[in-house]
Amino acid sequence: TRGHLMLHNQKVSKSRNWYIGLRDFISAFNPDYLRFYIASITTYSQVDINFDWNAFAEKINSELIANIGNFINRALSFVQKTFLGRVPEPLKYDSEDKDCISEIERIADEVGCLLSENELDKALKRILKFTTYFNQYFQRKQPWSNKTTASTTLFIAVNGVRSIAIILEPFIPSSCEKIWSQLGMSGSIHEQQWKSASQMKIAAGHILGNIQPL
């Protein structure tokens, strides 16, 4: 079902010393980085895929850290700072809030369908579209200056983080377990039902865990 894995557009060859050993790789990088990158470039076809160090760095820095990690840290850190780590009570939802909740309500089905069809790269792209949407929502709402809507924004954002943790777990399980812990959720993320990623399960008053950059 898949093609060959190339290294900088050349065939991997241990005899020519043109390869990357997994033991060496994970001694230098978080294993989730490799899982994320390989999933993002692997199509459901027999086309060869190419491991490129520059592309690897770009995807990790711009997509995993600057997009996904940035939103998670901003949302949770802001609740920690402004509401002492307690998820605030939402007020009346406006149209943007309702659109954001609709994104949550359909993400599990959309990503789940792509995963069931073995379209790993497309599933990851859909997740990145989801996290980009939440980054933009957070930026537009500006909870740091809009005090009257901050509680609603953060309530939705924290539930968005929970959704992200569940739908990303097949790709970066170790990192998602850390997100789950920072959310202050009980049990393991591996025990969660997939469909619950589309539910607003974190209630107002819930206390977050220890927040740190991922």
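The values are calculated or read from the model by the stated rules, or taken from the named source; none is laboratory data. This structure is a prediction, so every number in the text was calculated from the model and none was measured. Because the Cβ atoms are built from the backbone with ideal geometry, glycine has one as well, and the counts that use them run over all protein chains shown. Just so you know, the surface numbers come from the protein's heavy atoms only, side chains and all, with ligands and any DNA or RNA stripped out. Shrake-Rupley method; radii C 1.70, N 1.55, O 1.52, S 1.80 Å.
The table for this structure:
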{"read-out": "Subset of segment 169-192 (residues that are farther than 21 Å from Leu124 by Cβ and of a type in the set (S, T, N, Q))", "value": "Ser181, Gln182, Ser186, Ser188"}
{"read-out": "Of all residues in segment 77-129 being under 18 Å from the mean Cα position of the chain (by Cα) and basic (Lys, Arg), the one that is farthest from Gln46 (Cα to Cα)", "value": "Arg106"}
{"read-out": "Filter result for Ala123 (among the aliphatic types (A, V, I, L, M) and more than 14 Å from Cys100 (Cα to Cα))", "value": "yes"}
{"read-out": "Which listed residue is of a type in the set (Lys, Arg), out of contact with any Asp or Glu (no Cβ under 9 Å at 6 or more places or on another chain) and modelled with pLDDT of 95 or more, from Arg126, Arg162", "value": "Arg162"}
{"read-out": "Unmet criterion (only one of (1) among the hydroxyl-bearing types (Ser, Thr, Tyr); (2) surrounded by 12 or more Cβ atoms within 10 Å (Cβ to Cβ); (3) farther than 18 Å from Glu169 by Cα) for Tyr37", "value": "(3)"}
{"read-out": "Options Glu89, Glu58, Glu63; residue that is assigned to a helix (DSSP H, G or I), of a type in the set (D, E, K, R) and either touching a residue at least 60 places away in the same chain (Cβ under 8 Å) or open to solvent by less than 40 Å² (accessible area, probe 1.4 Å) (or both)", "value": "Glu63"}
{"read-out": "Subset of segment 35-55 (residues that are of a type outside the set (A, V, I, L, M), part of a helix (DSSP H, G or I) and under 24 Å from Val111 (Cα atoms))", "value": "Arg35, Phe36, Tyr37, Ser40"}
{"read-out": "Candidate set from segment 66-76 (those that are touching a residue at least 40 places away in the same chain (Cβ under 8 Å) and open to solvent by 40 Å² or more (accessible area, probe 1.4 Å)); member that is nearest to Gln212 (Cα to Cα)", "value": "Asn73"}
{"read-out": "Per-region count, segment 1-21, residues touching an Asp or Glu at 6+ places or on another chain (Cβ under 9 Å), assigned to a loop (DSSP other than H, G, I, E, B) and within 13 Å of Phe56 (Cβ to Cβ)", "value": "1"}
{"read-out": "Residue among Asp24, Asp32 that alone is assigned to a helix (DSSP H, G or I) and modelled with pLDDT under 95", "value": "Asp24"}
{"read-out": "Flag for Ser45 being open to solvent by 20 Å² or more (accessible area, probe 1.4 Å), more than 15 Å from Leu124 (Cβ to Cβ) and among the hydroxyl-bearing types (Ser, Thr, Tyr)", "value": "yes"}
{"read-out": "When residues of segment 185-214 are limited to those that are surrounded by 15 or more Cβ atoms within 10 Å (Cβ to Cβ) and aliphatic (A, V, I, L, M), the one modelled with the lowest pLDDT", "value": "Leu214"}
